[in-house]
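The values are calculated or read from the model by the stated rules, or taken from the named source; none is laboratory data. Just so you know, these numbers come straight off a predicted model, no measurement behind them. Cβ coordinates were reconstructed from backbone atoms using ideal geometry, including for glycine residues, and neighbour counts include every protein chain displayed.
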Amino acid sequence: MSTAGREPEEAAHLYGPHFAPLQERHPFSGHQGPLILGHEFMGRVVALGPGVVELAVGQRVAVGAGMCYPVPEGCSDEAAARALEPALLIAVDVDARRLERAAVLGASQLVQAGAEDVLQALRQLTDGEGPELVIEASGAASAPALALAAAQRGGRVLLVGLQAEPRALDLHAAVVREIELLTTNAHVSPVDLPEALALLSREELAKQVIDRVIPLERLVPDGLLALAEGQAHGKILLDPQS
């Protein structure tokens, strides 16, 4: 995703230590650590800067890179921390609880990695063609190669999960099968955030996508360690006031 010519308020949403190294500025984000952990948050306006006329003190807002967007009245605080509209899809995961959550959110078919042959299952579910679009969001070492192999001829693969080190990919097969390979690590706040808030004001998805809401003093044991140990089965929200 290129940021050439992009105004500051259009900057993509970034998160995590990968985008704010301690010793130098990140070439994409321009940020340098240390940084406050966390992303996807909402709050209330406590003061207005010069020239701000679109917002009011006390108003609830969802926050993106360089912008605040009003939260609709019909959207709860928890839901305002962002979810995506479910679509007709096949969900693949090693965790049975996350697969159950995916089914609630609209996944039409479930494949449990480790318990069955994922590539074979995907082909069976798509009449031997393979999915038109494969989104790899796990960051697992074998996942990028599997995603390329699973996509149908002329299909598209979107890599979102961050890999710990370089991986070998069969690019010959990808070229012969004309697979389109894309990557992304962020959303563009002015485009995606209003759309998500509009969706959440119509449908309450928070109960399905949120695993837990934790107080600040439980951040490490119930938040960071849960993520590191693979014990998070959905979004973990931090409430600094609880």
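Taken across region 153-162, residues that are assigned by TED's automatic domain parsing to the domain that holds LEU110, crowded, with 18+ Cβ neighbours inside 10 Å and part of a loop (DSSP other than H, G, I, E, B) do occur, with at least one present.
Test ALA137 against the criterion of being surrounded by fewer than 16 Cβ atoms within 10 Å (Cβ to Cβ) and either among the acidic types (Asp, Glu) or free of Cβ contacts under 8 Å to residues at least 40 places away in the same chain (or both), and give yes or no. Against the criterion (surrounded by fewer than 16 Cβ atoms within 10 Å (Cβ to Cβ) and either among the acidic types (Asp, Glu) or free of Cβ contacts under 8 Å to residues at least 40 places away in the same chain (or both)), ALA137 qualifies. For region 64-107, filtered to residues that are assigned to a strand (DSSP E or B) and closer than 18 Å to GLY43 by Cβ, the residue that is modelled with the highest pLDDT is PRO70.
Okay, residues lined up against (1) surrounded by 15 or more Cβ atoms within 10 Å (Cβ to Cβ); (2) in contact (Cβ under 8 Å) with a residue 12 or more places away in the chain:
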position	(1), (2)
GLY130	yes, yes
SER142	no, no
ALA149	yes, yes
ALA164	no, yes
HIS172	no, no
ILE179	yes, yes
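The number of residues in region 108-150 being within 13 Å of ILE90 (Cβ to Cβ), more than 21 Å from the chain's Cα centre (by Cα) and in a loop (DSSP other than H, G, I, E, B) comes to 4. Residues of region 150-175 that are over 23 Å from ALA102 (Cα atoms) and among the small types (Gly, Ala, Ser): GLY154, ALA164, ALA168, ALA173, ALA174. Looking at VAL61, VAL57, just one residue is at pLDDT 75 or above, in contact with a Cys (Cβ under 6 Å, 6 or more places away or on another chain) and in the same structural domain as LEU197 (by TED's automatic domain parsing), and that residue is VAL61.
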